[in-house]
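S.K.: Would you mind keeping the following structure in view while I ask a few things?
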Amino acid sequence: FACGISKSDINKIETKEILISLERKACYGTCPIYKMIIYNDGSAIYSGKKFVENIGLYKFTVTQEKIKYILAKAKEINFFEMRNEYTEAISDLPKTITFIKNGRNQKKVIDYYGAPKTLKDFENLVDSCIDYKKMKKIEKD
């Protein structure tokens, strides 16, 4: 192929898909606002918006073992059977949005209020994937 791109490079690009993402949204106070995405090849992106130490876009990697563990944990806690949204008519709480894709199953769960402890613990597990020490800032062109 032209420009030094091989067919295997193109296949890698075409097969890269989001497996796991977690987004923490704003509240009226100083709640951390960020999003992280983990791809099937172990590459990951972190976007820090406000009230976090790392503001901006960063990249890092997650081991396949950690990815498999998270996907197994999602199955164990019945993530795919959870409600799509846990909410109440309350204001000023942060919202957490978790997305998991495992094979043909994919689901997004919005956690605002009243989510089970298993979901809260799972969100923290996904959060623990962020490798703050090894992530590298992505400079804008």
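S.K.: Please work out which residue is farthest from Gly56 (Cα to Cα), limiting yourself to segment 98-115 and to residues that are open to solvent by 30 Å² or more (accessible area, probe 1.4 Å) and touching a residue at least 60 places away in the same chain (Cβ under 8 Å).
M.R.: Here the residue is Asn102.
S.K.: Of all the strands (runs of 3 or more DSSP E) wholly in segment 36-141, which have at least 2 residues that are out of contact with any Ser or Thr (no Cβ under 9 Å at 6 or more places or on another chain)?
M.R.: Ranges flagged: 43-50, 96-102, 105-111.
S.K.: Can you work out which of the residues in segment 64-84 that are among the aromatic types (Phe, Trp, Tyr) and open to solvent by less than 60 Å² (accessible area, probe 1.4 Å) is nearest to Lys117 (Cα to Cα)?
M.R.: Phe79
S.K.: Specify which of the listed residues (Thr87, Thr61, Thr118) is within 16 Å of Met36 (Cα to Cα) and either surrounded by fewer than 18 Cβ atoms within 10 Å (Cβ to Cβ) or touching a helix residue (DSSP H, G or I) at 6+ places or on another chain (Cβ under 6 Å) (or both).
M.R.: Thr61
S.K.: For segment 46-66, how many residues are among the aliphatic types (A, V, I, L, M) and in contact (Cβ under 8 Å) with a residue 60 or more places away in the chain?
M.R.: Matching residues across segment 46-66 total 2.
S.K.: Additional query: Just the residues that are open to solvent by less than 30 Å² (accessible area, probe 1.4 Å) and among the hydrophobic types (A, V, I, L, M, F, W, C), please, taken from segment 39-51.
M.R.: Ala44
The values are calculated or read from the model by the stated rules, or taken from the named source; none is laboratory data. These numbers come from a predicted model, not from an experiment. Cβ atoms come from the backbone with ideal geometry, glycine included; neighbour counts cover every protein chain shown. Each accessible area value is taken on the protein alone, full model and side chains, heavy atoms only, with ligands, DNA and RNA left out. Shrake-Rupley method; radii C 1.70, N 1.55, O 1.52, S 1.80 Å.
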